[in-house]
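A.B. asks: Here it is: the structure, laid out below.
No value in this document is a laboratory result; all are computed from the given coordinates. Quick caveat: nothing in here was measured; it's all calculated off a predicted structure. So basically every Cβ, Gly included, is an ideal-geometry build from the backbone, and we count neighbours across all protein chains shown.
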Amino acid sequence: MIELSNVNKTFKVAKRNAGFTEAVKALFMKKYEYIHALNDVTFTIRDGETVGYIGPNGAGKSSTIKIMSGIMAPDSGECVIDGRVPWKDRKAHVKEIGVVFGQRSQLWWDVPVIDSFELLKDVYRIPFDEYKKNLNRLTELLGIGEIMKMPTRQLSLGQRMRCEIAASLLHGPKILFLDEPTIGLDAVSKIAVRDFVKALNKENRTTVILTTHDMQDIEALTDRILLIGNGRILMDGTLDELKSRNTSKKTLVITYAGEKLPSVERVAVVKDIGGHAELVIDTGEISVAEAIAAISAAAEIKDITVQGTTVDEMVVSLYKEFKI
Amino acid sequence: MKLYFKYAAILVKSQMQYKASFFMTVAGQFITSFSSFFAVYFLFDRFNEVDGYTFSEVLICFAAVLMAFSMAECFLRGFDTFPQLIKSGSLDRMLLRPRSVIFQVLTSTMEFSRIGRFMQAAVTLGYAIPTCGVDWTYDKVLTLIAMIIGGIAVYAGLFILYAAISFFTIEGLEFMNIFTDGTREFGQYPMSIYGKGILKFFTYVIPIALFQYYPFLYLVGRSVEWWYGLLPLIGLIFIVPCYGFFVFGLSRYKSTGS
């Protein structure tokens, strides 16, 4: 159980304009600017949930992750995870969590991956049997049996990411933080990572908190979305809720016989060029079936496709809606 | 402690991945230390003695400082490279592991190639011990050992201090090199030759003279105060405030996140 209430965090950032004279000035008189990275952030995550934590760059995602993982302390507010305050009870807390940073490695660069694993076993004081059990399972699920014997520096990004994930799960944590785990991965590796996380959540009931810019990650993995912008939680709901916010609009792409489509009531024409048209309807006003019936009454339809909004578009419209 | 050796083993393995580079660095370290050795040699070739100290006597001082420095640098290299650890995010990763940060910084790197410098010191010591004219009684042997241990401690303290300061600023850290690399170089001569002011500074502020000058006086028979031989142990105490400052810096890091 993760509980954050009214968490605030402000950073002091030195600032100066470009140019040499400005640089000299800054040497003697530094100007600081305060950035409110987190503003009254409050949410609760239950055990076994998978939560997608989204927001544009610099919205406060990393700060929240840092606070939840005990690296950073907030200025005010409370954060309690399984009854512990992460940054106060650091050592006990980090034993129960696993953290994967997509952009940074936690493996020793020049030695075979398995050596890193062995060392982590001692760092986390994992009992031998448990280590063997976890390792076997992770190797099997992530398919890293062979690549484990290679030095980290020789692995491809996709191979390395799978090893990174394994490394952060050796001690069997209850909570897994994934910070952009699929960044830069090819399609096959992305799907492998997603499938693995899904299985992990299902079988071990591991709580997963995922930050990503890849909306397919969100769609495949999470049942709940937290949207953060300018340090505030803007939306907290399920993916379906997010969809229903936006899916009232549908796009119909049709091919028809003739040159110009006669106008149909409650159907907006976006584009109409020589037999091809793109129409938008609001399902609150007219259902898709009604619209198709109305259009086919007015023109002879040869082909039709109905498109909903993609998650990407939804997020863009959310960002617009909240002006972030 | 067992874990320490496991970390050390992985670091040895890592460095052995680049064998040629490793041995070149060892050789390089060995040879560059020679240059300072020759500086001492040629000086004495001309003047025979400095401030009343003979060549072999000064070599004892030289070797003790070099040995202490190379040991400290080998095992506390992590603190020396600490600013990079902060920048690269490695410190964040350390905070995510259920071990003390100090321990993890210690084990983040070990510079085994410093063995080159260490060997240079050992060879010099091997030459100076029989030729310096010291009557090697037990207490004098212990004094020499105390000098080296005290020296390791003081340099360790300085490296930790350096790391602690980098929590607050990464600019201007160069001045710390005066006390680390700088004292390694001019600590080759007994501190008194630089004058009273310098001697006082390196006695009371940064206790270099405590392991390098006073016990040395006793060693070569310039002083009969046997307790001078115990002064290097104060170097051990020097670590305490440095460590405290590091812990303070770390807690500040946690609250600012930068």
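A.B. asks: What's the magnitude of the charge dipole for the range B:1-108 around its Cα centre, counting Lys and Arg as +1 and Asp and Glu as -1 at the beta-carbon? Answer in Debye, nearest 20.
C.D. replies: 980
A.B. asks: Continuing with the same structure: Of A:T10, A:L155, A:V113, which is farthest towards the positive pole of chain A's charge dipole, taken about the Cα centre with +1 and -1 on the beta-carbons of Lys, Arg and Asp, Glu respectively?
C.D. replies: A:T10
A.B. asks: Expected output is a single nm value to one decimal: the length gained when fully extending between A:K198 and A:F11, i.e. 0.36 nm times separation in residues minus the C-alpha distance. What is it?
C.D. replies: So the extension gain works out to 63.8 nm.
A.B. asks: On a C-alpha basis, how far is the centre of the range A:117-139 from the centre of the range B:19-91 in Å? Whole number, if you could?
C.D. replies: First find each Cα centre; the distance between them is then 41 Å.
A.B. asks: Just to confirm a number: summing +1 for Lys and Arg and -1 for Asp and Glu over residues other than B:Q17 whose beta-carbon lies under 13 angstrom from that of B:Q17, what do you get?
C.D. replies: Neighbour charge sum, excluding B:Q17 itself: +1.
A.B. asks: Under 5 Å between amide H atoms, partner at least 5 residues away or on a different chain: which partners does A:E49 have, H built in plane at 1.01 Å?
C.D. replies: Excluding prolines and chain starts, which carry no amide H, the hits are A:V208.
A.B. asks: So, one more: Could you give me D for the protein assembly as shown, from Stokes-Einstein at 10 °C and 1.306 mPa s, where the hydrodynamic radius is the Kirkwood radius over C-alpha pairs? Units µm² s⁻¹, please.
C.D. replies: 55
A.B. asks: Need one value for A:104-111: mean number of C-beta atoms belonging to other chains within 10 Å of its residues' C-beta atoms.
C.D. replies: For peptide A:104-111, the averaged partner shielding equals 5.
A.B. asks: Hey, rough spin-label estimate for A:R137 and A:W109, points 7 angstrom out along Cα→Cβ, what's it come to in nanometres?
C.D. replies: The answer from the label model is 3.3 nm.
A.B. asks: Tell me which residues come under 5 Å, amide H to amide H, from A:G98 once H is placed; ignore anything under 5 positions away on its chain.
C.D. replies: Distant-sequence amide H within range of A:G98: A:I175, A:L176, A:F177.
A.B. asks: Set the Förster radius R0 to 41 Å, insert the Cβ-Cβ distance between B:S100 and B:E49 as r into 1/(1 + (r/R0)^6), and round the FRET efficiency to 0.05.
C.D. replies: About 0.25, to the nearest 0.05.
A.B. asks: Let me ask something additional. Can you give me the distance in nm between label points at A:D122 and A:T255, each placed 7 Å from the Cα along the Cα-to-Cβ direction?
C.D. replies: Those two pseudo-labels are separated by 6.8 nm.
A.B. asks: Can you list the lysines whose alpha carbon is less than 20 Å from that of A:K88, not counting same-chain residues fewer than 8 positions off?
C.D. replies: Straight-line reach from A:K88, under 20 Å: A:K9, A:K66, A:K174, B:K254.
A.B. asks: Let's test the formula: R0 of 51 Å, r as the Cβ-Cβ distance of B:L3 and A:S287. What FRET efficiency results, to the nearest 0.05?
C.D. replies: 0.15
A.B. asks: Relative contact order of chain B: what whole-number percent is it, with Cα pairs under 8 angstrom and at least 6 residues apart?
C.D. replies: The value is 25 percent.
A.B. asks: Looking at chain A, which longest stretch skips every one of the chymotrypsin sites (Phe, Trp or Tyr not before Pro) that is in a DSSP loop with at most 16 other Cβ atoms within 10 Å, leaving the sites themselves out?
C.D. replies: Segment A:110-321 is the longest.
A.B. asks: Label A:A298 and B:F38 with points 7 Å out from Cα along Cα→Cβ: what is the distance between them in nm?
C.D. replies: The answer from the label model is 9.5 nm.
A.B. asks: Please report the antiparallel percentage of the DSSP beta bridges confined to the protein assembly as shown, to the nearest 5.
C.D. replies: Given both bridge residues lie in the protein assembly as shown, the antiparallel proportion sits at roughly 70 percent.
A.B. asks: Right, next: Name the residue from B:Y204, B:Y228, B:L158 whose Cα lies farthest towards the positive end of the charge dipole of the range B:151-237, charges +1 on Cβ of Lys and Arg and -1 on Cβ of Asp and Glu.
C.D. replies: Of B:Y204, B:Y228, B:L158, it is B:Y228.
A.B. asks: Oh, and also: Scan chain B and note any complete DSSP helix (H) whose C-alpha atoms cover at least 27 Å along its axis and whose Kyte-Doolittle average is -1.0 or more.
C.D. replies: Passing helices, by number: B:19-47, B:55-75, B:138-165, B:234-256.
A.B. asks: Which one of B:F112, A:N39, A:V80 is farthest out on the positive end of the charge dipole of the protein assembly as shown, using unit charges on Cβ (Lys, Arg +1; Asp, Glu -1) and the Cα centre as origin?
C.D. replies: Projecting each Cα onto the dipole axis, the largest value belongs to B:F112.
A.B. asks: Follow-up. What does the average come to when, for each residue of peptide B:87-99, you count the partner chain Cβ atoms lying within 10 Å of its Cβ?
C.D. replies: 6
A.B. asks: Counting Lys and Arg as +1 and Asp and Glu as -1, each charge on the Cβ, what is the dipole of chain A about the Cα centre in debye, to the nearest 20?
C.D. replies: My answer is approximately 1400 debye.
A.B. asks: Same structure, new question: Quick one: work out the % antiparallel among DSSP beta bridges in chain A, nearest 5.
C.D. replies: 70
A.B. asks: Relative contact order for chain A using alpha-carbon pairs under 8 Å, separation at least 6, rounded to a whole percent?
C.D. replies: So the answer I get is 19 percent.
A.B. asks: What value does the range B:19-256 have for Rg/Rh, both radii from Cα atoms and Rh as Kirkwood defines it?
C.D. replies: 1.00
A.B. asks: With bins 20 Å wide starting at 0, give me the P(r) of chain A over every alpha carbon pair, in whole percents.
C.D. replies: 26, 44, 25, 5
A.B. asks: Which whole-number percent is the relative contact order of the range B:119-258 (Cα, under 8 Å, 6+ apart)?
C.D. replies: 38
A.B. asks: Calculate the dipole size of the protein assembly as shown relative to its Cα centre from +1 charges on Lys and Arg beta carbons and -1 charges on Asp and Glu beta carbons; express the result in debye to the nearest 20.
C.D. replies: The dipole of the protein assembly as shown has a size of about 1040 debye.
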